[in-house]
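One structure below.
The values are calculated or read from the model by the stated rules, or taken from the named source; none is laboratory data. Here the structure is a predicted model, which is why all the values come from computation and not from measurement. Using ideal geometry, Cβ is built from the backbone for each residue, glycine included, and neighbour counts are taken over all protein chains shown. For accessibility, only protein heavy atoms count, side chains too; no ligands or nucleic acids. Shrake-Rupley method; radii C 1.70, N 1.55, O 1.52, S 1.80 Å.
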Amino acid sequence: MKRRYRETIHSMLLQLNNFAQQLQTSADELAENEEKCRHVAKLAYDWEYWHDIEGNYVYVSPSCTNITGYRPEDFFADKDILKKIIHPDDWQNWRTHAHIKLTEGEVEPIEFRIIKKDGDERWIHHVCRTVYSKDGENRGIRGSNRDITDKKVIQEEVKVLRGFLSICASCKMIKDESGKWTKIERYIKEHSEV
């Protein structure tokens with residue numbers, strides 16, 4: 001009887017040890033996956049966030065600091081911070097956007113301006129999507145914000161240039177500010193640093 005008792009205990013100890021090893025392997029794999037996710041999030045160029053259905057931030061990527069001047073901790077401390085930094089002229093556009101969800105849970109991308117912590121104005125391309133649990137429960141919104149200020153500046157410059165320049169492609173001439181037609185090569189040489 002003692003022998004059977006010892007064998008049972010030994011068997012249980014082996015099973016317990018095997019279970020502990022499986023748990024350790026799972027914990028190691030989880031830690032490795034978390035580390036990968038942390039690196040991806042930390043190195044992301046875009047400002048990513050996730051807020052729950054009450055509007056509290058669950059995640060804010062570190063890149064928010066480069067784009068807004070605010071740290072992730074600032075977003076966790078003030079769930080309305082995004083609303084506060086949206087340019088007043090773009091507030092209505094943002095409000096409307098937040099309520100026009102497509103059937104797939106995505107929201108039509110929008111562009112708006114924010115005012116950074118240092119007062120600088122930046123253009124943002126924003127797209128978001130509803131986050132669902134594996135059971136289909138709404139878990140909030142995941143947003144992605146890209147700083148497109150440089151793109152907006154270039155678009156404006158191109159718009160201005162289009163208004164100034166008249167080009168005749170077939171004769172390879174350009175109309176200058178005074179209305180005089182000049183060969184393109186000569187015009188570029190006279191009006192650029194090339």
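Residue check: residue 67 meets all listed conditions (1) within 21 Å of residue 117 (Cα to Cα); (2) open to solvent by less than 80 Å² (accessible area, probe 1.4 Å); (3) at pLDDT below 95 but one, namely (3).
Looking only at the range 138-148, decide whether some residue is closer than 20 Å to residue 94 by Cα, at pLDDT 95 or above and of a type in the set (Ser, Thr, Tyr). No; the residues of the range 138-148 include none that is closer than 20 Å to residue 94 by Cα, at pLDDT 95 or above and of a type in the set (Ser, Thr, Tyr). Considering the range 152-180, and only residues there that are basic (Lys, Arg) and open to solvent by less than 100 Å² (accessible area, probe 1.4 Å), the residue that is modelled with the lowest pLDDT turns out to be 175.
Find the residue count for the range 1-25, including only residues that are surrounded by fewer than 10 Cβ atoms within 10 Å (Cβ to Cβ) and hydroxyl-bearing (Ser, Thr, Tyr). So the count comes out to 1. Total residues in the range 118-134 satisfying the condition of being open to solvent by 40 Å² or more (accessible area, probe 1.4 Å), modelled with pLDDT under 95 and part of a loop (DSSP other than H, G, I, E, B): the figure is 1.
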